[in-house]
Amino acid sequence: MKSVLLIQTAFIGDLILSTVLIENLHLQYPNARIDFLVRKGNEEVLQSHPDIGKVFTWDKKRGKYRSLLALLKQLRAEQYDLVINVQRYAATGFLTGLSKGKITIGYDKNPLSFLFTKKVKHVAGTAAEPVHETARCNQLLQTIASTPVTKPGLYPSTTDYAAIRRYQEEPYLVLAPGSVWFTKQVPVSKWTAILKRLPIRQKIYIIGTKKEQALATAIMNELPAYTNIESLAGSLSILQSAALMQGALFNLVNDSAPLHIASAVNAPVIALFCSTIPGFGFTPLSDESYVVQAEPYLSCRPCGSHGKAACPKRHFDCANLINDERVASIILRKIMQQHAERSLKEHLVIN
């Protein structure tokens, strides 16, 4: 196997989880060139990755189909030994099936899967039988090689780590309160209820996109006494955010991209699930991770496999009934543990 193309043009979180294929391919074929096709704007995720060759981008917003045809021409010229498509949509099925790849692999739910040389059954996870997305991705590769399910990987550069070093002078938490979907996003009132249970001097950084700056401001406005909270929303790149999250005491996230960033750098994380459920397969993979969700049974949850723009029942109980005391207790236990360790070290130095 000399050359491989991976295709994942969905959102950032999906792309991050699909990097498990890079890790496994490199283990199986250490000398193979691994290229990747992503949606335009997501290419930053793969910057500094030691095992990635070319990164192709598909501009879905401008000249979507013209860009698709131009991409096909580029991909056919490469004549890949292996093409793996992680998506179930016709456009990427078109690229995969006509890529001239010697082996083309994708999910059976792709409407153009009849063009692939190998098809894999796509199994959606449920509460009773959860299937993690990384396992689903790995099933594509297992059609040609026996590979274990590893973890996804992001690789911030030395420049990325240098850019966030000034924020690491004291122990800190990272809060990523945003999400593309309303029903995946814990409301401001819940985040502030959690933070009010923490020490008033605890350092907290709020991260997110430029669009989420207003959300960060709304949270800070509800906590005027907490002067050690700082918004970095819109000021960090994805890999700089990953570097910051990696050094945090804990990262507080929704079922959204920052959750998967934490998994990809093995950062401590507490993930709050609202309308979606862990069984769908997007739970954290970090060694130190917690999932918190509404404790009472809700007949309306999940209300879909993805988030929605509004709560269909208009009460949003799946978010409002999350136990903020439980979330805070996990964090407080870690803070107290670190304080005890620091005190012990100081005692040993003095004596």
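The values are calculated or read from the model by the stated rules, or taken from the named source; none is laboratory data. Keep in mind the model is a prediction, meaning the values are calculated, not measured. Don't worry about glycine lacking a Cβ; one is built from the backbone with ideal geometry, like all the others, and counts go over all protein chains shown. Each accessible area value is taken on the protein alone, full model and side chains, heavy atoms only, with ligands, DNA and RNA left out. Shrake-Rupley method; radii C 1.70, N 1.55, O 1.52, S 1.80 Å.
Reported count of residues in region 274-296, each being open to solvent by less than 20 Å² (accessible area, probe 1.4 Å) and under 14 Å from the mean Cα position of the chain (by Cα), is 3. Based on what the data block shows, is residue 237 over 30 Å from residue 297 (Cα atoms) and without any contact (Cβ under 8 Å) to a residue 40 or more places away in the chain? So residue 237 does not fit the description; no.
The rows are residues; the columns are (1) crowded, with 19+ Cβ neighbours inside 10 Å; (2) touching a strand residue (DSSP E or B) at 6+ places or on another chain (Cβ under 7 Å).
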| residue | (1), (2) |
| --- | --- |
| 176 | yes, yes |
| 230 | no, yes |
| 240 | yes, no |
| 252 | yes, yes |
| 257 | yes, no |
| 260 | yes, no |
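Looking across region 14-39, the residues that are over 21 Å from residue 61 (Cβ atoms) and open to solvent by 10 Å² or more (accessible area, probe 1.4 Å) come down to 23, 26, 27, 28, 29, 30, 31, 32, 33.
Please pick out the residue among 309, 319 that is surrounded by fewer than 16 Cβ atoms within 10 Å (Cβ to Cβ), touching a helix residue (DSSP H, G or I) at 6+ places or on another chain (Cβ under 7 Å) and touching a residue at least 60 places away in the same chain (Cβ under 8 Å). Outline the logic, then answer.
Numbers: 319 fails: surrounded by fewer than 16 Cβ atoms within 10 Å (Cβ to Cβ).
Answer to the check: 309.
Against the conditions (1) in a helix (DSSP H, G or I); (2) open to solvent by 10 Å² or more (accessible area, probe 1.4 Å); (3) of a type outside the set (A, V, I, L, M, F, W, C), residue 266 satisfies every one except (1).
Elements of the type helices (runs of 4 or more DSSP H) sitting completely within region 122-217 and holding at least 3 residues that are of a type in the set (D, E, K, R), at negative phi and touching a residue at least 12 places away in the same chain (Cβ under 8 Å): there are none.
Give 104, 9, 92, 57 a once-over and let me know the one that is in contact with a strand residue (DSSP E or B) (Cβ under 8 Å, 6 or more places away or on another chain), within 21 Å of residue 152 (Cβ to Cβ), polar (S, T, N, Q) and in a strand (DSSP E or B). Break it down into steps so the answer makes sense when it comes.
Details: 104 fails: within 21 Å of residue 152 (Cβ to Cβ); 9 fails: in a strand (DSSP E or B); 92 fails: in a strand (DSSP E or B).
57 is the lone residue from the list that is in contact with a strand residue (DSSP E or B) (Cβ under 8 Å, 6 or more places away or on another chain), within 21 Å of residue 152 (Cβ to Cβ), polar (S, T, N, Q) and in a strand (DSSP E or B).
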